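Shown next, in C-alpha cells, is the structure this report addresses.
The values are calculated or read from the model by the stated rules, or taken from the named source; none is laboratory data. Note that the coordinates shown come from a computational prediction; the quantities given were computed from them, not determined experimentally. Here Cβ is always computed from backbone atoms with ideal geometry, including for glycine, and neighbour counts include all displayed protein chains. The accessibility values were calculated without ligands, DNA or RNA, using every heavy atom of the protein model including side chains. Shrake-Rupley method; radii C 1.70, N 1.55, O 1.52, S 1.80 Å.
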Amino acid sequence: MESYVLRVWLPDRPGALGAVASRIGAVKGDVVGIEILETGDGQAVDELVVQLPDATLVDLLVSEVRQVDGVQVEEVRSVGPEGHDPRRATLETAGKLVEAEDRQALLEVARDVAPRSLSAAWVAVMDLESGNLLVGGERAPTESWLAAFVHGSSTAAALQGSGRGADLGGNDVIWSTMPDVGLAVVAGRDNIAWRTRERHELDALARIVALRWAELPDRA
C-alpha cells in the first residue's frame, strides 16, 4: 500500500468530511489518519493520511475528492515508510530537545529533527540581538535573508500590537521568538501555507528550546 497526505479545504458543516471519505473509498483508498489544522469562517483545513493500493490512483483520488461540493485540494504528497504521525514526531522532537547535553546539541536537534515534526523543509535558529544565524538546514535561506525576515516581522508585529511575527512575501515561512533568551526559531517550506495548529506547534517547540537554552552550558 502507498501512503499519502491529502490536505483539503472543506465546508465546516456536518457530513462534509464523511462525503470526502466516501470519495476516497470509491477509489479503494483507506483513511488511516486525520488532523484538523484550522477552522474558521465556515471552513476547515484538514490533513488526511490515505493509503492507496497503487500510486497510479493518486490523480483519480484528487479528482474524486474535488467532486465534493465546496471542497478544494491544497496539496497531496507521498510519505515514506515511516508514515505520517505528527503527534509522535512532535513528542520525539521534544524528547530529543530535553536530552540535549549542551547548547550546540540543542541547536542541532532543532535543525535536524524538528523539520520532520513540523513538516518543514528547514528550521533555523537566529540570535535576535546580533542577527546571526546560529544553525540552519541546508535548504534554509541565507543569514542576511533570515535576519531581514525576523527584523521585518518584529516590526510588523509591533505595529499590529501582536507578539507574533508577520509573514513576509507569502506564508510559507513562520517564526517564533524566545525573548527571554534572545533567540528566534524560523521554519519554512515550499508553497504550503502554515495553519493555526502548526504555528502553535512551533511556539511550543520554541518554548522548550528556550527553557533548555537557559539551563545548558555553551558546550559539554
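Here is how the number arises for the chain: DSSP H runs of 4 or more residues each give -39500 (n - 2.57), the sum is divided by the residue count, and the result at 222 nm is -12000 deg cm²/dmol.
Identify which of GLY18, GLY95, GLY29 has the largest mean-square fluctuation in a Gaussian network model of the chain, with springs joining Cα atoms closer than 10 Å. Answer for the Gaussian network model of the chain: GLY18. Remark: spin-label model distance ALA214-GLN43 equals 3.9 nm, labels positioned 7 Å along the Cα→Cβ axis.
Check each of the trypsin sites (Lys or Arg not before Pro) in the stretch 44-117 and keep only those in coil by DSSP with at most 16 other C-beta atoms within 10 angstrom; list them in order. Don't jump to the answer; show the numbers that get you there.
Values: sites: ARG66, ARG77, ARG87, ARG88, LYS96, ARG103, ARG111, ARG116; in loops: ARG66.
Loop-located and lightly packed - ARG66.
The largest accessible area among ASP54, ASP59 belongs to the first residue in ASP59, ASP54, and the rest follow in falling order (1.4 Å probe, all chains).
With R₀ set to 45 Å, the beta-carbon distance separating ARG66 from GLU138 gives a calculated FRET efficiency near 0.80. The distance between label points at ASP85 and GLU99 comes to 1.6 nm (points 7 Å beyond Cα on the Cα→Cβ vector).
Where the accessible area of the stretch 97-147 is counted over protein heavy atoms with a 1.4 Å probe, how much of it, in %, is carbon and sulfur? Roughly 44 percent of what the probe reaches on the stretch 97-147 is carbon or sulfur. In plain terms, the chain from HIS200 to ARG13 could stretch by 64.9 nm, reckoned as 0.36 nm per residue minus the Cα-Cα distance.
The residues of the stretch 60-102 expose, per residue, 61 Å² of accessible area to a 1.4 Å probe.
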